[in-house]
1. For the range 165-236, give me every one of the helices (runs of 4 or more DSSP H) that falls completely inside it and has 2 or more residues that are within 30 Å of residue 42 (Cα to Cα) and out of contact with any strand residue (DSSP E or B) (no Cβ under 8 Å at 6 or more places or on another chain).
2. Could you check how many residues of the range 177-215 are without any contact (Cβ under 8 Å) to a residue 40 or more places away in the chain and surrounded by 13 or more Cβ atoms within 10 Å (Cβ to Cβ)?
3. On the basis of being at pLDDT below 90 and more than 16 Å from residue 252 (Cβ to Cβ), does residue 215 make the cut?
4. List the number of the failed condition for residue 156; all other conditions in (1) under 26 Å from residue 6 (Cα atoms); (2) part of a helix (DSSP H, G or I) hold.
5. Filter the range 19-35 for residues that are part of a strand (DSSP E or B) and crowded, with 17+ Cβ neighbours inside 10 Å and give the result.
6. Restricting to the range 2-18, count the residues that are closer than 21 Å to residue 118 by Cβ and surrounded by fewer than 18 Cβ atoms within 10 Å (Cβ to Cβ).
7. Could you look through the range 106-132, keep only residues that are surrounded by fewer than 17 Cβ atoms within 10 Å (Cβ to Cβ) and touching a helix residue (DSSP H, G or I) at 6+ places or on another chain (Cβ under 7 Å), and pick out the one that is nearest to residue 15 (Cα to Cα)?
């Protein structure tokens, strides 16, 4: 719970955290010789976030292998991204095993990315928890979800591997992006592009120029709706209009994915200590068993529950 009395929901961008953990930690195998470094790193991040935020609720969102609606709109979407090693992919089902042991629900839906599920849950959850107020904290390994930040949503973005993280609220985004607001992040990405997803930006426009343009025009929508708009970059904005609006649409995170979401199912107090120990022993994470008391939630008073 926050200092001002809001309850908190951690929403895990699971694939992003798994990828970050896999590449940040050295190879770690169990006695069978199977790689478990991503699972271990994922748990390090989760334990750290739980200790820091003491959340009342936790949900985990995953990507699925099937193409999404973005791939159907743009066949080159993420086309230049090299495939992850099989040792990483093999750990994803095991992460889900761990989440099940901690009674943390998993959300995934064919045709959508984890970001879209995160956006949907961040929108739905506060409606199901009127009093006390609810704040969503998105736990992620990248910056794609910054567009979701508002007065009820923050982003907890990993930095320097998995050991450190930066909390992005509206003030932090304005600090990091020279005065831009969260609701301008989508326009920002539309102009500068997103190389990691193979979404092209406007030629000659990088981060600094994109910020300058948005601060000048306010928003792409207002610029294109007003034919009398004047800008130092007017010619470029007009000549690249179709590409810019297409990139903006492709980058926009959905907030209306049809999922069965009940906030109460995400209450973190409802996990069995013995099941948690059993799964950590399975992967030989004995040091993490000693840290289980750190996860103790103040709402947990049931017998055999942490």
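The values are calculated or read from the model by the stated rules, or taken from the named source; none is laboratory data. Please read all numbers here as calculations on a predicted model, not as lab measurements. Note that each Cβ is placed from the backbone with ideal geometry, even for glycine, and that neighbours are counted across all protein chains shown.
1. Qualifying helices (runs of 4 or more DSSP H): 170-176, 185-192.
2. Residues in the range 177-215 being without any contact (Cβ under 8 Å) to a residue 40 or more places away in the chain and surrounded by 13 or more Cβ atoms within 10 Å (Cβ to Cβ): 18 in total.
3. No, not satisfied.
4. (2)
5. Hit for the range 19-35 is 35, nothing else.
6. Qualifying residue count for the region: 2.
7. Residue satisfying both the conditions and the ranking: 106.
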